[in-house]
Amino acid sequence: MIKIMNKKVAFYTLGCKLNFSETSTIARSFNSEGFDRVDFSEKADIYVINTCSVTENADKRFKTIVKQAQKANPDAFVAAVGCYAQLKPQELADVHGVDLVLGATEKFKITDYLNDLSKNDFGEVHSCEIEDADFYVGSYSIGDRTRAFLKVQDGCDYKCTYCTIPLARGISRSDTVANVLKNAQEISKQNIKEIVLTGVNIGDYGKGEFGNKKHEHTFLDLVTELDQVEGIERLRISSIEPNLLKNETIDLVSKSRAFVPHFHIPLQSGSNAILKKMKRRYMRELYVDRVEKIKDVMPHACIGVDVIVGFPGETDEEFLETYNFLTELDISYLHVFTYSERDNTEAATMEGGVPNNVRSKRSKMLRGLSVKKRRAFYESQLKTKRTVLFESENKEGFIHGFTENYIKVKTPWNPELINTLHQVELTEIDADGLVRFEFDKLFMN
Ligand code: SF4
């Protein structure tokens, strides 16, 4: 493509951390072609929307974002990439104002498709069979100037019956340790203090490109190597399947220099019957065992849980099994998802659909439980000394930060705190559920 000077591009990202890291890589490719990046609300020549298939009402959200782009500049070129663009390319191409839709193999080559930025009467689609998306493109993004999302793995070989991700992102494949280390070093040179490892199924790290089932390294090798990279203050594992979270990894985190005591482990249901229908690869007993192992070696660890309510056939008793299971378990917060049918999944063809009002009621109950769990965890950590990394936003006169074990703290706004680490003593929980603290004078920097 011929270098385009003085053209402006804007990005909108829906969905997960992985999408955010990939938007950054796509943005860097625009940058090297001479584009200037502007905010999505500003006038740009091209708007790129990185879509998600998990987003509720994905189609409505997408249409609203396209309208937003057209309002900012009715003559701008609009392109869609990402999971939804792979799953439903024609549906996106038919949305008024969309000029280009790229599937999973094409999204990183987007600038090759931009020789002519004149608007089309209809959206042009360049999609692919998902089997062709078997190569790996490394990515990382720098979010709020304090933390970066580093992609280490893509795709998934599991067949959970509710999930469309394997159809949108293809087989499990991962970056080499050498590349991940190189990216981590690049990030640390930009004065970023925390790196969050992301992927679709990061515990499955170790599969190579083009269906090559093994690479020379495992997830444990990866975390061991990363822990030694100088200049990275904190490393966080974003989300890891319980059956892939090995004792060795937990032990390594407990003794680690940089890995923080925070795990996010999808459970999805506390009922073994539902776990079977979901084709998850563990039973609830294994989940208990993982939580106990973590708490045994790191009593102060924060454990987050993903859970789905209203899966087809979930009875009141099965839901209560989940509720009671989570009540008993020593975990710190929940991310609650209300089940919704997705095309081309096995679950969408199952009998026993749960009425929407019941799904909402169950979701509300678990969200209430999450508030209680978080508060109990925060309370258990009062009077302890922790390290806080401060973020960059001024929210109504306060600055926020997170401890290594993911406790959200607040203190009056002070721009000097941005992107700095401080030792604190946690003192109290305030009215909005966040934790106040005192700076530890011994460690003031
Ligand atoms: S592990 Fe299951 S839920 Fe997660 S991406 Fe793979 S198929 Fe989807």
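The values are calculated or read from the model by the stated rules, or taken from the named source; none is laboratory data. For clarity, every value in this text was computed on a predicted model and none was experimentally measured. Backbone-built Cβ (ideal geometry, glycine too); neighbour counts: all protein chains shown. When the accessible area is computed, the model is the full protein with side chains, heavy atoms only, and any ligands, DNA or RNA have been set aside. Shrake-Rupley method; radii C 1.70, N 1.55, O 1.52, S 1.80 Å.
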So is T161 among the polar types (S, T, N, Q), more than 15 Å from the chain's Cα centre (by Cα) and not assigned by TED's automatic domain parsing to the domain that holds F402 or not? yes
Enumeration of residues in the range 112-136 that are under 24 Å from Y205 (Cα atoms), open to solvent by 40 Å² or more (accessible area, probe 1.4 Å) and in a loop (DSSP other than H, G, I, E, B): E129, F135
What are the residue pairs meeting all of these: first residue in the range 278-298, first residue within 18 Å of S239 (Cβ to Cβ) and touching a residue at least 40 places away in the same chain (Cβ under 8 Å), second residue more than 16 Å from the ligand (Cβ to nearest atom) and open to solvent by 60 Å² or more (accessible area, probe 1.4 Å), Cβ atoms under 7 Å, and 6 or more apart or on different chains? V291/D330; K293/N247
The range 347-362 - residue that is closer than 13 Å to D316 by Cα and of a type in the set (A, V, I, L, M, F, W, C) and, of those, most open to solvent (accessible area, probe 1.4 Å): V358
Considering only the range 316-422, give the strands (runs of 3 or more DSSP E) lying wholly within it that have at least 1 residues that are more than 21 Å from the chain's Cα centre (by Cα). 385-390, 398-403, 408-412
Mind checking which helices (runs of 4 or more DSSP H) fall wholly inside the range 238-304 and carry at least 2 residues that are at negative phi and within 15 Å of the ligand (Cβ to nearest atom)? 272-278, 284-297
Which pairs turn up if I take residues in the range 95-114 that are closer than 14 Å to A27 by Cα and charged (D, E, K, R) and look for partners that are open to solvent by 20 Å² or more (accessible area, probe 1.4 Å) and part of a loop (DSSP other than H, G, I, E, B) with beta carbon separation below 8 Å, at least 6 apart in sequence or on another chain? D112/M1
Give the residues of the range 218-233 that are touching a residue at least 40 places away in the same chain (Cβ under 8 Å), surrounded by 21 or more Cβ atoms within 10 Å (Cβ to Cβ) and either within 16 Å of the ligand (Cβ to nearest atom) or assigned to a helix (DSSP H, G or I) (or both), sorted by residue number. L222, L226
Residue within the range 266-277 that is in contact (Cβ under 8 Å) with a residue 40 or more places away in the chain, surrounded by 15 or more Cβ atoms within 10 Å (Cβ to Cβ), assigned by TED's automatic domain parsing to the domain that holds G203 and of a type in the set (A, V, I, L, M) present: no
One residue from T105, T64, T146 being within 20 Å of the chain's Cα centre (by Cα) and either open to solvent by less than 20 Å² (accessible area, probe 1.4 Å) or not assigned by TED's automatic domain parsing to the domain that holds G401 (or both): T146
Would you tally the residues in the range 180-217 being surrounded by fewer than 17 Cβ atoms within 10 Å (Cβ to Cβ), in contact with a Phe, Trp or Tyr (Cβ under 9 Å, 6 or more places away or on another chain) and in a helix (DSSP H, G or I)? 1
State the number of residues belonging to the range 168-199 that are under 15 Å from F135 (Cβ atoms) and among the β-branched types (V, I, T). 2
The range 157-179, residues that are surrounded by fewer than 20 Cβ atoms within 10 Å (Cβ to Cβ) and away from the ligand (no atom under 14 Å from the Cβ): T176, A178, N179
